[in-house]
Amino acid sequence: MWHALVIKSVYTLGDLRNWENVISLRQLPIRFGVLGDPVAHSLSPQMQNAALKQAKIYAQYARFEIRAAELKAALELMQTLGFWGANLTVPHKVAALRFVDELDGSAARAGAINTLVFEADQMRGFNTDGVGASRAIAEEFSRGLREFRVLLLGAGGAARAIASQCLEEGVAHLGIWSRTHAAVQQLGKELAAREGNVSIEVIAPDRDALFVAAGNAELIINATPVGLRADDQPLLMREAFTKRHFVYDTVYQPSSTRLIEEAKAAGASTANGVSMLLHQGAEAFSLWIRRPAPLETMREALRRSASS
Ligand code: NAP
């Protein structure tokens, strides 16, 4: 339907190549998108479109299923087609470092990009995941990141951004664990090279070491995709948790993961990643639109989409 005002659930690189035939001049122009593979589950369009509408910005935000090998072509097309901004998710956050013209400190320190700003002649890369996680944790647990001894699970894009934020805020202690030890050793080396007094512990890749590290931590953050599938075995079971633990799972679909269930059963305080999604998205919005994001509108849009 050429005159449809609705947008497709997911666009592709083929659509970007054929953009003038894919979009209708009668629809709100698509100026923003999230690029990932998979991406169909992303709630960013609901959240960002509610914010754009509230701010009376004549533009909309869509999903783009872009494979790893397609990223460069997709970004070049978006810039040529007059897009204003984009978010990146798995598997593009680290790969995109090679394609931007300018890297903000947040992305350089994290070694990953989750937000792009397209300008007339350049593409700028930012990372809002770290600040998003920090604001989410403060909101969920009424305590700032720096007040915790932190154990971080994972060494990928999200974990890197959160680890970087932990250093920026000066947490007392940061333990990092990943099943691939080389990745977490590399991250540990990069973090140790930065200035500051944070004690950084690279934890051995076995479950016993992880169990001991959980006992030494107050806040445990899952920044792996473990939990996305209902049959995923959690990285820590209830014996690892006590009432004094705070457990933040960056996974937000399903809304309660097995990790959260295990932690809750031990009496720990828990929260899922929807609050991080909200705050990283609000920060991205204000980078694009250069004004504060309508946070409560975005929160309500997420609440509605998560329960529908
Ligand atoms: P990524 O760059 O692919 O990194 C994934 C990390 O998880 C890697 O360290 C990987 O280790 C580890 N991992 C993967 N499968 C594992 C398994 N079965 N057991 C143990 N570790 C495993 O992905 P990302 O961008 O960091 O995203 C990770 C997750 O964070 C996403 O799935 C999403 O749920 C969540 N996230 C949430 C938000 C939010 O706003 N709530 C934002 C960003 C990300 P290997 O190197 O060994 O594969």
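Here are a few things to note about the model shown:
- From the list Leu77, Leu97, the lone residue that is under 28 Å from Ala193 (Cβ atoms) and out of contact with any Phe, Trp or Tyr (no Cβ under 7 Å at 6 or more places or on another chain) is Leu97.
- Residue ID - nearest to the ligand (Cβ to nearest atom), chosen from residues in segment 44-94 that are open to solvent by 10 Å² or more (accessible area, probe 1.4 Å), among the aliphatic types (A, V, I, L, M) and over 27 Å from Arg304 (Cα atoms): Val94
- Scanning segment 229-269 for residues that are more than 9 Å from the ligand (Cβ to nearest atom), under 23 Å from Ser44 (Cα atoms) and surrounded by 24 or more Cβ atoms within 10 Å (Cβ to Cβ) turns up Tyr248, Thr257.
- Contact annotation: residue pairs with Cβ atoms under 7 Å, 6 or more positions apart or on different chains, pairing a residue in segment 264-288 that is hydrophobic (A, V, I, L, M, F, W, C) with a partner that is part of a loop (DSSP other than H, G, I, E, B) and open to solvent by less than 30 Å² (accessible area, probe 1.4 Å), are Ala266/Phe241; Ala268/Phe241; Ala268/His245; Met276/Thr250; Leu277/Leu43; Ala282/Ala293; Ala284/Thr128; Phe285/Ala293.
- Count of segment 186-206 residues which are within 15 Å of the ligand (Cβ to nearest atom) and free of Cβ contacts under 8 Å to residues at least 12 places away in the same chain: 1
- Of all residues making up segment 249-299, the number that are modelled with pLDDT under 95 and under 20 Å from Arg143 (Cβ atoms): 0
- Selection over segment 165-204 of residues that are polar (S, T, N, Q) and in contact with a helix residue (DSSP H, G or I) (Cβ under 9 Å, 6 or more places away or on another chain) gives a count of 2.
- Verdict on Ser142 being of a type outside the set (D, E, K, R) and either touching a residue at least 24 places away in the same chain (Cβ under 8 Å) or within 14 Å of the ligand (Cβ to nearest atom) (or both): no
- Qualifying residues in segment 19-36 (those that are open to solvent by 50 Å² or more (accessible area, probe 1.4 Å) and in contact with a strand residue (DSSP E or B) (Cβ under 9 Å, 6 or more places away or on another chain)) - the one farthest from Ile113 (Cα to Cα): Leu28
- Filtered residues of segment 244-297 (kept if over 19 Å from the mean Cα position of the chain (by Cα), of a type outside the set (A, V, I, L, M, F, W, C) and within 22 Å of Asp231 (Cα to Cα)): Arg258, Glu261, Glu262, Lys264
- Subset of segment 207-228 that is within 11 Å of the ligand (Cβ to nearest atom) and over 22 Å from the mean Cα position of the chain (by Cα) - its residue that is nearest to Gly132 (Cα to Cα): Leu210
- Pairs with Cβ under 6 Å, 6+ apart, first in segment 98-123 and within 19 Å of Glu70 (Cβ to Cβ), second open to solvent by 40 Å² or more (accessible area, probe 1.4 Å) and acidic (Asp, Glu): Met123/Asp101
- Unique match (being among the hydrophobic types (A, V, I, L, M, F, W, C), out of contact with any Phe, Trp or Tyr (no Cβ under 8 Å at 6 or more places or on another chain) and under 22 Å from Leu259 (Cβ atoms)) among Ala161, Ala112: Ala161
The values are calculated or read from the model by the stated rules, or taken from the named source; none is laboratory data. Nothing here was measured: the structure is a model prediction, and the numbers come from that model. All Cβ positions, glycine included, derive from the backbone under ideal geometry; neighbour counts span all protein chains shown. These area figures cover heavy atoms from the full protein model, side chains too; ligands, DNA and RNA do not enter into them. Shrake-Rupley method; radii C 1.70, N 1.55, O 1.52, S 1.80 Å.
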